[in-house]
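These notes concern the structure reproduced below.
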Amino acid sequence: MSDSHGKLYAQSMTELAAGLDSGDYSSVELTESLLGRIGALDAKLNAFITVTADEALAAAARADQARASGKGGVLNGLPIIHKDIFCTRGVKTTCGSKMLDNFISPYDATVVEKLANAGAVVLGKSNMDEFAMGSSNETSYFGPVCNPWDLACSPGGSSGGSAAAVAARFAPAATGTDTGGSIRQPAALTGTVGIKPTYGRVSRYGMIAFASSLDQAGVITRTAEDAARLLGVMAGFDQRDSTSIDQPVPDYGGSLNQSIKGLRVGIVRQHFDAGLDAQCAVRVKEAIATLESLGAITVEVDLPNLDLSVPTYYVVAPAECSSNLSRFDGVRFGHRAEKPEDLMDLYCRSRGEGFGDEVKRRIMTGTYVLSAGYYDAYYLKAQKVRHLIADDFKKAFADVDVIAGPTAPSPAFRLGEKVDDPITMYLNDIYTIGANLAGLPGMSIPCGFVNDLPVGLHLVAAHFAEETLLRCSHQYQQHTDWHKACPEDFQ
Amino acid sequence: MSLSKDQVKHIAMLARLKLTEEEYAESVQKLSKIVDFVDQLSQADTRDVVPMAHPLDVAQRLRPDVVTETNERDHLQQNAAAVSDGLYLVPKVIE
């Protein structure tokens, strides 16, 4: 599918910004063209829960007006997609759940507000695992999302809709959230760029909560340069988020062109153990060799408690989820059961009907580990092990600038393949979960293919070192073409 | 199975979740697997380790105790299934 200006959909945000600035096309024209593409092709993917065509065209017209009068923010007129976990005023915000199928958000999340103020045009809300609980986008009430590289495969999750949409060139960028790998794993499985910033870097206000000590908002794009542009707008202190960190936001774009000569890259031996697909290991090692050819120095580092990160996560995250999701009571908003016998029946049936299987499982796991007699053995123990894991990273970052390894243990798996076994599914996040437990920034960038499916290189850095991740990724992308590959059905 | 059906029923009650018989059977099996999986934490040596409360070493921020929100009751209640005179309606609690 082409348009009068060539393949606008294939361009990065930075390229589109230049086109808009030079008057080659208007934001309304760009928005119309992408909405047309979504209308024609999303039936294949199911990447959207809601397409906000009217709102998008109105925002695009405002952006064009602002541009004509010499105004407009750094994202003026540029199209994005929001994961349907971000509250968007006046728009249905479902979090992928039947529970919120009827919820029209009365307010904007801080992320939504900041991007709108910078002039971004929101094309719609993307599909996701229910309440962000899942690694395959199969727990969504609105059906699974398909991977643009192979429609029989999962795009990963929970930000599967955002990742699939960016990979399919529906938009150059989409927001995501990451509690255990939910931005980075789908980015790896779809050949896109995904960054999860430091805990507290981006406001969680208006982002529907899953596990509050782990949740963090970020972006999925095709280039590190675009990720830097968006993150610069999204990051920063917010009074309305009690764990927001009050630290100045650096100019992420400013340092992208600096060389990575002398950058110390940590390699974790256990990352390349039997759990990793052998061909993926080859791709990741090639990517690390490319970083070395650009002047990076590799150093072996040890994360002795790495194996405990998944079990630690599956105590801490469900515990926080069971507490957060207690707000869904069928009274003030959300699904309400018909003809309740009494208040208890109203609560139990509204929740029993409104939540899907995986969400119920996590609520019950969390309820169990927090219940009388089990709290010390599970929750307290897990929080102690979490400290050990965080200390391992601290020690490693005394010696290296980034840790590089695989993002996911294999390329995209087939839809339905892992859905019946929660533990196999949980192990998909083995390489990404550590960054959430320790609150560190992490990023996945495309680094090649295995059997025509994309593979991701995972980079983790010290707290607030997003600049290092973005610079390292940008430099890698200046010397490789993996991020330019487009799935055949979407060219 | 590390969890019994009675235990799962108790957990579901604490979590205010009504499950079908089928869901109970599946939950006993899958929750037991999850509990077995996280049980490996018991092997970790955590003597003298402080539980981690926050990913960054920061204290909870406080704000001045002043009113900052405006009253948006009518707007917010548009998402509720049953309201009357500005109140949320629930089944009768007191006879």
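The values are calculated or read from the model by the stated rules, or taken from the named source; none is laboratory data. Given the structure is predicted, the values throughout are model-derived calculations rather than measurements. Cβ: placed from backbone, ideal geometry, glycine included. Neighbour counts: every protein chain shown.
Residues of segment A:282-301 being in contact with a strand residue (DSSP E or B) (Cβ under 7 Å, 6 or more places away or on another chain) and either of a type outside the set (Gly, Ala, Ser) or part of a helix (DSSP H, G or I) (or both), which ones?
Within segment A:282-301, A:283, A:284, A:286, A:287, A:288, A:291, A:292, A:297, A:298, A:299, A:300, A:301 meet the criteria.
When you go through (1) surrounded by fewer than 17 Cβ atoms within 10 Å (Cβ to Cβ); (2) within 7 Å of chain A (Cβ to nearest Cβ); (3) over 30 Å from residue A:342 (Cα atoms) one by one for residue B:29, which number turns out not to apply?
For residue B:29, the exception is condition (2).
Kindly establish whether residue B:39 is loosely packed, with under 11 Cβ neighbours inside 10 Å, in a helix (DSSP H, G or I) and of a type in the set (D, E, K, R).
Here the answer is no, as residue B:39 does not meet what is asked.
Scan segment A:103-142 for residues that are farther than 14 Å from residue A:91 by Cβ, touching a Cys at 6+ places or on another chain (Cβ under 9 Å) and aliphatic (A, V, I, L, M) and jot them down.
Hits for segment A:103-142 are A:128, A:132, A:133.
Mind listing whichever residues of segment A:382-403 are within 9 Å of chain B (Cβ to nearest Cβ) and among the hydrophobic types (A, V, I, L, M, F, W, C)?
A:382, A:385, A:388, A:389, A:390
Identify, please: which residue in segment A:327-339 is out of contact with any Gly (no Cβ under 8 Å at 6 or more places or on another chain) and at the interface with another protein chain (Cβ under 7 Å from one of its Cβ atoms) and is, among those, surrounded by the fewest Cβ atoms within 10 Å (Cβ to Cβ)?
A:332
Answer yes or no as to whether residue A:105 is over 20 Å from the mean Cα position of the chain (by Cα), buried (at least 17 other Cβ atoms within 10 Å of the Cβ), modelled with pLDDT of 95 or more and hydroxyl-bearing (Ser, Thr, Tyr).
Considered against the rule, which asks whether it is over 20 Å from the mean Cα position of the chain (by Cα), buried (at least 17 other Cβ atoms within 10 Å of the Cβ), modelled with pLDDT of 95 or more and hydroxyl-bearing (Ser, Thr, Tyr), residue A:105 comes out as yes.
Just to be sure before I move on: is residue B:90 within 7 Å of chain A (Cβ to nearest Cβ), surrounded by 11 or more Cβ atoms within 10 Å (Cβ to Cβ) and either of a type in the set (Val, Ile, Thr) or in a strand (DSSP E or B) (or both) in the structure I sent?
In short, yes.
If I filter segment B:23-46 down to residues being of a type in the set (Val, Ile, Thr) and out of contact with any Lys or Arg (no Cβ under 7 Å at 6 or more places or on another chain), which single residue comes out as nearest to residue A:357 (Cα to Cα)?
B:34
Which count do you get for residues in segment B:58-74 that are at pLDDT below 90 and either in contact with a Gly (Cβ under 8 Å, 6 or more places away or on another chain) or surrounded by 10 or more Cβ atoms within 10 Å (Cβ to Cβ) (or both)?
Within segment B:58-74, residues that are at pLDDT below 90 and either in contact with a Gly (Cβ under 8 Å, 6 or more places away or on another chain) or surrounded by 10 or more Cβ atoms within 10 Å (Cβ to Cβ) (or both) number 2.
Just one of A:312, A:367 is at the interface with chain B (Cβ under 7 Å from one of its Cβ atoms) and closer than 25 Å to residue A:141 by Cβ; which is it?
None of the other options fit; the residue is A:367.
If you check residue B:69 against the conditions, is it closer than 27 Å to residue A:361 by Cβ and more than 8 Å from chain A (Cβ to nearest Cβ)?
Judged against the criteria, residue B:69 is not a match.
Being in a loop (DSSP other than H, G, I, E, B) and over 26 Å from the mean Cα position of the chain (by Cα) is the filter here; which residues of segment A:52-101 pass it?
Result: A:69, A:70, A:71, A:72.
Has segment B:61-77 got at least one residue that is in contact with a strand residue (DSSP E or B) (Cβ under 7 Å, 6 or more places away or on another chain) and without any contact (Cβ under 8 Å) to a residue 24 or more places away in the chain?
Within segment B:61-77 (the criterion being in contact with a strand residue (DSSP E or B) (Cβ under 7 Å, 6 or more places away or on another chain) and without any contact (Cβ under 8 Å) to a residue 24 or more places away in the chain), the answer is yes, since at least one residue qualifies.
Could you tell me whether any residue of segment B:73-85 is on the phi > 0 side of the Ramachandran plot and more than 8 Å from every other protein chain (Cβ to nearest Cβ)?
Checked against the condition, which is being on the phi > 0 side of the Ramachandran plot and more than 8 Å from every other protein chain (Cβ to nearest Cβ), segment B:73-85 yields at least one hit.
Working only within segment A:394-438, note down all residues that are at pLDDT 95 or above, closer than 23 Å to residue B:52 by Cα, surrounded by 24 or more Cβ atoms within 10 Å (Cβ to Cβ) and not aliphatic (A, V, I, L, M).
Once the filter is applied, which keeps residues that are at pLDDT 95 or above, closer than 23 Å to residue B:52 by Cα, surrounded by 24 or more Cβ atoms within 10 Å (Cβ to Cβ) and not aliphatic (A, V, I, L, M), segment A:394-438 yields A:431, A:432, A:434, A:436.
Looking at residue A:346 and the list (1) more than 27 Å from residue A:275 (Cβ to Cβ); (2) in contact (Cβ under 8 Å) with a residue 12 or more places away in the chain; (3) touching a helix residue (DSSP H, G or I) at 6+ places or on another chain (Cβ under 9 Å), which single condition is not satisfied?
Tallying (1) more than 27 Å from residue A:275 (Cβ to Cβ); (2) in contact (Cβ under 8 Å) with a residue 12 or more places away in the chain; (3) touching a helix residue (DSSP H, G or I) at 6+ places or on another chain (Cβ under 9 Å), residue A:346 fails exactly one: (3).
Yes or no, residue by residue, for (1) of a type in the set (D, E, K, R); (2) touching a Gly at 6+ places or on another chain (Cβ under 7 Å):
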{"site": "A:163", "(1), (2)": "no, yes"}
{"site": "A:169", "(1), (2)": "yes, no"}
{"site": "A:192", "(1), (2)": "no, no"}
{"site": "A:203", "(1), (2)": "no, no"}
